[in-house]
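Where a number appears in this text, it was derived from the coordinates with a stated rule and is not lab data. Just so we're clear, the structure is a prediction, and the values are computed from it rather than from any experiment. Cβ: placed from backbone, ideal geometry, glycine included. Neighbour counts: every protein chain shown.
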Amino acid sequence: MQNPTSPPPPPPPSSSSFSSTFFNLRDPKPKPTLILLYTFLFLSLLSLTLILYLSHSTIHTHSGPDPFLHPTHAHRLVFDPHKPSPPPPPSVAYLISGSRGDAARILRLLDAVYHPLNVYLLHLDASAPHTERELVAVTVQSNPIFKAAQNVHVVGKPDFSYPKGSSPVSLRLHAASVLLRLSRDWDWFVSLSADAYPLVTQDDLLHILSFLPKDLNFVNHSSYIGWKEARKLKPIIVDPGLYLSEGTEMFYATQKRELPSAYRVFTGSSFSILSRRFMEFCILGEDNLPRILLMYFANTPSSLSNYFPTVLCNSRQFNRTVINKNLLYAVQDSQRNDLRPLNSTDFDDMIQSGAIFGEKFQKDDDPVLDLIDRNLLGRSPRSVVPGGWCLGEPGNNTCLTWGDAKILRPGAGSQRLEKAIVELLANGIFRSRQCIYE
């Protein structure tokens, strides 16, 4: 029997190969080769753990839009071999903006103009309470379609945007720059206020736009100033939306200034459909003209209706791309010098106009909007407008099952829009109405 106080005997020779892979606890100085070996084993184990963790995380997160909406290899449809395949659909970048009390209108308008190919930026100005902005953001995040396509974004730090002054121009230039950072794949920029609504589906619109040159700009414009010279161009104002954190009245100076002679001022409407190339021209600084005009119109009462028409018509690069029609249906109220609210009695005229959008509608539950949804868009309450990418069963959940977003199913709206575009472009008539000095 061994003495309990005596040290244990050395391991038998047969176990030397096994024990050599571990530190000898009785040896205070392990061999350098063993240290390198264990370091390598530790790093290998750490790398394997990290790879498994990242692989597991990738399963639960998406780095891009759902592949069902934008497949790498789109499934082929059966086309008539004797007919040429249609051109690929374009993309539209939308700014949808509103003010206090417009959250529900913005969300309804988003549903009415939604398509997975487009990109959207929602903006509630600084006068809206935080609860409304939070409601818009939560609704967007909880929508499975918006979440799958990842193309709807909400402005978290809003600005004031007054109807007058230069803050509306600032908002649109800022929004376009954000949309360019989010995506460079869009072709046209459209700014919609909360009181606007579409009169054709996005499949109708994208189908017609796919046949047009992507540098066209649809802008109402005229060099005839008339009464606007004294009331909207010569007065000097200071827009508080550019420097105050709270809404306040516009400040008018006592002095007035003469019209510029270095360039010709054009006037138009606040709504337009502008090409991505032109928006890049205004934002990226290829030419100093957009900045010069921005500084001039910063202190005029109606900057938005003058800025883009003046930049377009004074630029040799873009003055031949202008179509003197913005494709918006609106009725002017001559007594109030503002747009008259639209109602159900205007429905037939809206259809006959061939316009893409209508403005202005009074509220989000206006009966005329339900009439447009039912007869023109085929939209069910609280759902997006169905298109060729929707593969679900007819009903409220039609678009919860989706296919390739590039598949379009244009309807009667595309025929109305096509007729309107053909009338604009036929026989080169639009050339005679481009940036003419009157």
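Here are the numbers for the structure shown:
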| read-out | value |
| --- | --- |
| Convex hull volume per residue for the range 150-221, taking Cα atoms only, in Å³ | 146 Å³ |
| Inter-centroid distance (Cα atoms) of the range 118-166 relative to the range 339-381, Å | 23 Å |
| FRET efficiency, 1/(1 + (r/R0)^6) with R0 30 Å, evaluated for Asp348 and Ile436 via beta carbons | 0.40 |
| Nitroxide proxy distance, nm - points 7 Å out along Cα→Cβ at Gln150 and Thr131 | 3.3 nm |
| Ordering of 141-149, 295-303 by packing [mean C-beta count within 10 Å, highest first] | 295-303, 141-149 |
| Exceeding the 22 Å Cα-Cα cut-off - candidates Lys325/Lys419; Lys157/Lys228; Lys325/Lys360; Lys164/Lys214; Lys214/Lys406 | Lys157/Lys228; Lys164/Lys214 |
| Computed Rg/Rh of the range 92-433, alpha carbon atoms with Kirkwood Rh | 0.95 |
| Förster radius 41 Å - calculated FRET efficiency between Ser177 and Tyr224 (Cβ-Cβ, nearest 0.05) | 0.80 |
| At R0 = 30 Å, FRET efficiency that the Cβ-Cβ distance of Asn397 and Ser85 yields, to 0.05 | 0.45 |
| Computed Rg/Rh of the range 293-416, alpha carbon atoms with Kirkwood Rh | 1.07 |
| 10 Å beta-carbon shell around Lys234, net charge (K/R +1, D/E -1) | +3 |
| Chain lengthening between Ile292 and Gln141 when straightened (0.36 nm per residue, less Cα-Cα) | 50.4 nm |
| Beta bridges by DSSP in the range 92-433, antiparallel share as percent, to the nearest 5 | 45 percent |
